[in-house]
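What follows is a short report on a single structure.
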Amino acid sequence: NEAISSYTCHLFLKDYRQIDKLKALKNELIDYAITSNALTVEETLFTLVDAASVGMEVFLAIALVGVAMIIGIISFASYNEDIKESAILLCLGAKRDDIALIYVTESLLIGLISVLLSFLLAVLLLNPINALIEHFTSLIHIIDIPFKSFRGHLFLFPFLIIVSTLAICAVSTYIPVSFSKKLSLKEELKAND
């Protein structure tokens, strides 16, 4: 590190498989500094990918809240459109929870069909999109969706997506429809007149 007596050694790898040894050596050495443009580019790229992942997670969280609100608004609007029919069912002896279950089941079916279609589209479009990205950026298999194995468990990722979708659909449908319990049967029968 002295200005006069410092010197530089060049380090050459036999092949690309020794890059892990170079990374370990760079972290172990105290008296020497190893600089590599390839490692610097790799570290910068991974830092950029990590930052993009954090931004994507925030975007997905906001999108989930938005989707839950949209599902709730659509369910409540659908319920309000059929409010007189629901009141007639109440007069015939149906319970409010049974009527809410109709709308929750409808929302769950729509959510399940949407997830299955999105999985199908993802499988069909994964290779063409990766080929397009590779053509323009030379990055190989940049998009990887862990359908088969996720964190060491088979089909965990699709299972988590399906369960979270069904939970969001059920909660965001049941809450707005349950607010209708505050309306009296007389008001419901007069609705849409």
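The values are calculated or read from the model by the stated rules, or taken from the named source; none is laboratory data. Computed from a prediction, not measured in an experiment: that's the story for all the values here. We place every Cβ from the backbone using ideal geometry, glycine too, and count neighbours over all the protein chains shown. These accessible areas exclude ligands, DNA and RNA; they are computed on the full protein's heavy atoms, side chains included. Shrake-Rupley method; radii C 1.70, N 1.55, O 1.52, S 1.80 Å.
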Fill in the blank from the handout: Taking region 80-101 and keeping only residues that are farther than 16 Å from Leu166 by Cβ, assigned to a helix (DSSP H, G or I), open to solvent by 80 Å² or more (accessible area, probe 1.4 Å) and aliphatic (A, V, I, L, M), one is left with Ile88
Practice task
Determine which member of the set Leu120, Leu112 is under 23 Å from Leu64 (Cβ atoms) and open to solvent by 80 Å² or more (accessible area, probe 1.4 Å).
Solution key: Leu120
Handout entry: Test result for Lys14, open to solvent by less than 80 Å² (accessible area, probe 1.4 Å) and of a type in the set (Lys, Arg)
Key = no
Fill in the blank from the handout: Screening Leu60, Leu48 for residues that are part of a helix (DSSP H, G or I) and within 26 Å of Val115 (Cβ to Cβ) leaves only Leu60
Practice task
Could you tell me which numbered condition Ala77 fails, if it satisfies all but one of (1) of a type outside the set (Lys, Arg); (2) under 23 Å from Leu139 (Cα atoms); (3) loosely packed, with under 12 Cβ neighbours inside 10 Å; (4) under 29 Å from the mean Cα position of the chain (by Cα)?
Solution key: (2)
Fill in the blank from the handout: In region 149-177, anything in contact with a Pro (Cβ under 9 Å, 6 or more places away or on another chain) and among the basic types (Lys, Arg) is listed as none
